[in-house]
1. Is it the case that some residue within region 13-33 is in a loop (DSSP other than H, G, I, E, B) and modelled with pLDDT of 90 or more?
2. I'm told residue 88 meets every condition in (1) outside any helix (DSSP H, G or I); (2) at pLDDT below 75; (3) surrounded by 16 or more Cβ atoms within 10 Å (Cβ to Cβ) except one. Can you identify the failing condition by its number?
């Protein structure tokens, strides 16, 4: 499978709630029954979401495309093992991508670096009170400051604000409870507020 990531991808129209959620899980069920067209639809729905996450964590567009494609190959092999747990299937794809990144880092001792110009183009906006800290500040300076956070804080900010995932989805991916994610997010945003220059706070 191959797809070109959209240069200005917004939040994925996946069903993170309501009837759309049932729609994407209907596609999962069809894919589990051997319907490759249904899996192709899941691929189209979630490719950009996974690609943005991998690109932010690796800073390498070509590598991000390779790991994103590998994510969906691996997901196809495991599609029969996933079951509905009240959450968007996108969190499962991102978890697979996260594990692939970890494997890559361990195998090559690859240093995570952010390609800020591409991330600025690809980052969707999300709502919420703490988003005010980030509004109008998705810039090179902000991303340099994100890079100064500890790894857990970086991942939390990436998933919550740059990916637009919910607290529950972020908790699932990070293997933490929702309270821990909220606390981590609060500390990360507070630290960003300290790091950001006056002009972009």
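The values are calculated or read from the model by the stated rules, or taken from the named source; none is laboratory data. The shown structure was predicted, so the numbers you read here are calculated from the model rather than taken from an experiment. Here the Cβ positions follow ideal geometry from the backbone for every residue, glycine too, while neighbour counts run over all protein chains shown.
1. Of the residues in region 13-33, the ones in a loop (DSSP other than H, G, I, E, B) are 13-17, 33.
Filter once more, so that each one left must be modelled with pLDDT of 90 or more: 33.
Checked against the condition, which is being in a loop (DSSP other than H, G, I, E, B) and modelled with pLDDT of 90 or more, region 13-33 yields at least one hit.
2. Just one mismatch for residue 88, condition (2).
Yes/no per residue for (1) within 28 Å of residue 83 (Cβ to Cβ); (2) in contact (Cβ under 8 Å) with a residue 40 or more places away in the chain:
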| site | (1), (2) |
| --- | --- |
| 163 | yes, yes |
| 168 | yes, yes |
| 175 | yes, no |
| 186 | no, yes |
| 190 | no, no |
